[in-house]
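Let me begin by presenting the structure, written as structure tokens, before commenting on it.
Coordinate-derived values only; no laboratory data. All of these numbers come straight from a predicted model, not from anything done at the bench. Here the Cβ positions follow ideal geometry from the backbone for every residue, glycine too, while neighbour counts run over all protein chains shown.
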Amino acid sequence: MAKRSVVLNMVLIVMLSLVATISWGQSSSKREDYTTLRLHAAKEKVTSLQFYFHDVVSGKTPSAVRVAQANDTDKSPTFFGALIMADDPLTETPDPKSKLVGRAQGLYGSAGQHELGLIMAMSFVFTEGEYNGSSISVLGRNAALNPVREMAVVGGTGVFRLARGYAIAQTYWFDPATGDAIVCYNITVVH
């Protein structure tokens with residue numbers, strides 16, 4: 001019996017040592033992550049960007065397409081329940097032939113029953129210049145008929161890792177017959 005007790009105590013000590021080692025490893029790892037975040041926070045900067053978003057829903061090659069809708073969407077004055085997937089070009093100027101700086105990839109849906117209110121989940125993926133390969137993620141309500149709208153920047157990748165900030169959208173041009181639009185985006189991010 002005494003022998004069994006000694007063996008159980010040894011097993012218990014080994015197990016506690018393993019648990020302590022594993023816990024220490026996790027704490028050490030967490031400490032490194034917090035240190036990295038603190039160092040990153042000390043180097044944060046503010047960047048302002050302006051570009052034009054070309055949302056084309058008409059024609060043979062639209063950049064945004066309806067992928068789902070509710071049964072009554074077509075009867076709704078706000079197209080409530082429509083879900084649109086987009087891969088829209090982003091350009092330097094409002095001219096669709098101006099320099100392409102990236103793509104707006106994501107989705108938006110009509111979430112307002114009584115007024116047009118789009119819920120947007122969009123990544124602005126940059127393909128040119130110093131931000132090539134980086135992206136900014138925007139999430140929020142876009143009251144598309146208002147002259148100026150604000151949405152939250154909720155993250156980013158590459159140069160914009162840990163980004164936070166806001167996006168101001170202003171409609172530059174809209175064709176009510178087709179639904180096509182060009183929107184100016186001014187984005188301010190801390191990263």
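Of all residues in the range 154-166, which are among the β-branched types (V, I, T), out of contact with any Phe, Trp or Tyr (no Cβ under 6 Å at 6 or more places or on another chain) and either crowded, with 18+ Cβ neighbours inside 10 Å or closer than 18 Å to Y108 by Cα (or both)?
V154
Of the conditions (1) over 23 Å from A82 (Cβ atoms); (2) assigned to a loop (DSSP other than H, G, I, E, B), L145 clears all except one; give me its number.
(1)
Which of the residues spanning the range 96-126 are outside any strand (DSSP E or B) and in contact (Cβ under 8 Å) with a residue 24 or more places away in the chain? Spell out the reasoning first.
If we filter the range 96-126 for residues that are outside any strand (DSSP E or B), which is where we start, we get 96-99, 111-117.
Correct list: P96, S98, K99, A111, G112, Q113, H114, E115, L116, G117.
Looking at (1) under 17 Å from T93 (Cα atoms); (2) surrounded by 15 or more Cβ atoms within 10 Å (Cβ to Cβ); (3) touching a strand residue (DSSP E or B) at 6+ places or on another chain (Cβ under 6 Å), which one does W173 not meet, given that it meets all the others?
So the condition that W173 fails would be (2).
Which residue out of G156, G133, G129 is more than 24 Å from S58 (Cα to Cα), within 11 Å of the chain's Cα centre (by Cα) and in contact (Cβ under 8 Å) with a residue 24 or more places away in the chain?
Numbers: G133 fails: within 11 Å of the chain's Cα centre (by Cα); G129 fails: within 11 Å of the chain's Cα centre (by Cα).
Only one candidate passes the filter, namely G156.
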